[in-house]
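As structure tokens, the structure follows; a few thoughts come after it.
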Amino acid sequence: MSVTDAQARIKARVWQAIAQNEIDISKLDKETIETLVDLVSEVAMLEIDDDMGKTLGDTQVETAVATSILDDQKEDILWEGRPFLSISLHYTITDERIRITEGVFGKARENIELVRIQDMDYSQTLSERMLDLGDIKVRSHDPSHPAVVLKNVKDPEKVYEILRRAVLHARKKHNFTYREEM
């Protein structure tokens, strides 16, 4: 279920609860009522997502790409998270790769090495901007998945910047460059 679908279902439930409880809203104008229902649905979605994160033990590791991370002996996690309202998908960005893990009981993992990434973009719809969510599109030379989308990421601009800096560092570290064809 998409974020928009979930929000629409919550809005419908709020309207239904107002009608069933016979709440007198006749003194409020239509715009105020719709704004209130929108606000309640957004808060409900954020609360559900926070609860899901606590249940899964999901903690967002948000570490800046700094000189302490540049230790070649181990792979450092720069960011990890999951799509909004998802329990089966998990994203991890390290200083060497993007790791996408899918599944609750059985696990499927996809790795994209940072030096193979050619291009990245992020986008947000209006409803995603209100919830501070977005999609990060990654295009790479990975033969199994040349195009990957990290969907419904919280604070996509910050995650995009962490990923961009990590890609630049990985290229520099491995003395790796791409030539553009004209």
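The values are calculated or read from the model by the stated rules, or taken from the named source; none is laboratory data. Values in this document were obtained by computation on a predicted structure and should not be read as measured data. Counting neighbours? That spans all protein chains shown, and the Cβs are built from the backbone with ideal geometry, glycine included.
Going through (1) closer than 28 Å to Met52 by Cα; (2) small (Gly, Ala, Ser); (3) surrounded by fewer than 13 Cβ atoms within 10 Å (Cβ to Cβ) one by one, Gly81 falls short only on (3). Only residues that are closer than 10 Å to Ile112 by Cβ and in contact (Cβ under 8 Å) with a residue 12 or more places away in the chain were counted in the stretch 140-166, giving 6. Evaluate the following for Ala6: is it surrounded by 12 or more Cβ atoms within 10 Å (Cβ to Cβ), small (Gly, Ala, Ser), at negative phi and in contact (Cβ under 8 Å) with a residue 60 or more places away in the chain? Yes, satisfied.
Evaluation of Met52 against the conditions (1) in a helix (DSSP H, G or I); (2) at pLDDT 85 or above; (3) surrounded by fewer than 17 Cβ atoms within 10 Å (Cβ to Cβ) shows that the sole unmet condition is (2).
Being part of a loop (DSSP other than H, G, I, E, B) and touching a helix residue (DSSP H, G or I) at 6+ places or on another chain (Cβ under 8 Å) is the filter here, so list the residues in the stretch 142-162 that pass it. Within the stretch 142-162, just Asp142 meets the criteria. For Arg165, the requirement of being within 18 Å of the chain's Cα centre (by Cα) and assigned to a helix (DSSP H, G or I) is met. Looking only at residues of the stretch 90-120 that are charged (D, E, K, R) and touching a residue at least 24 places away in the same chain (Cβ under 8 Å), we find that the one that is nearest to Met52 (Cα to Cα) is Glu110. Among the residues making up the stretch 76-90, a single one is of a type in the set (Gly, Ala, Ser) and either within 19 Å of Ala166 (Cβ to Cβ) or in contact with a Cys (Cβ under 6 Å, 6 or more places away or on another chain) (or both): Gly81.
In the set (1) at pLDDT 85 or above; (2) over 23 Å from Glu128 (Cβ atoms); (3) out of contact with any helix residue (DSSP H, G or I) (no Cβ under 8 Å at 6 or more places or on another chain); (4) in the same structural domain as Val159 (by TED's automatic domain parsing), the condition left unmet by Ile33 is number (4).
On the given criteria, is Leu133 within 23 Å of Met45 (Cβ to Cβ), in contact with a Lys or Arg (Cβ under 8 Å, 6 or more places away or on another chain) and touching a residue at least 40 places away in the same chain (Cβ under 8 Å)? Answer is yes for this residue.
Annotation note: of Ser88, Ser123, Ser127, the sole residue that is within 17 Å of Val3 (Cβ to Cβ) and in contact with a Ser or Thr (Cβ under 7 Å, 6 or more places away or on another chain) is Ser127.
Among residues of the stretch 121-146 being of a type in the set (A, V, I, L, M, F, W, C) and at pLDDT 95 or above, the one that is farthest from the chain's Cα centre (by Cα) is Val138.
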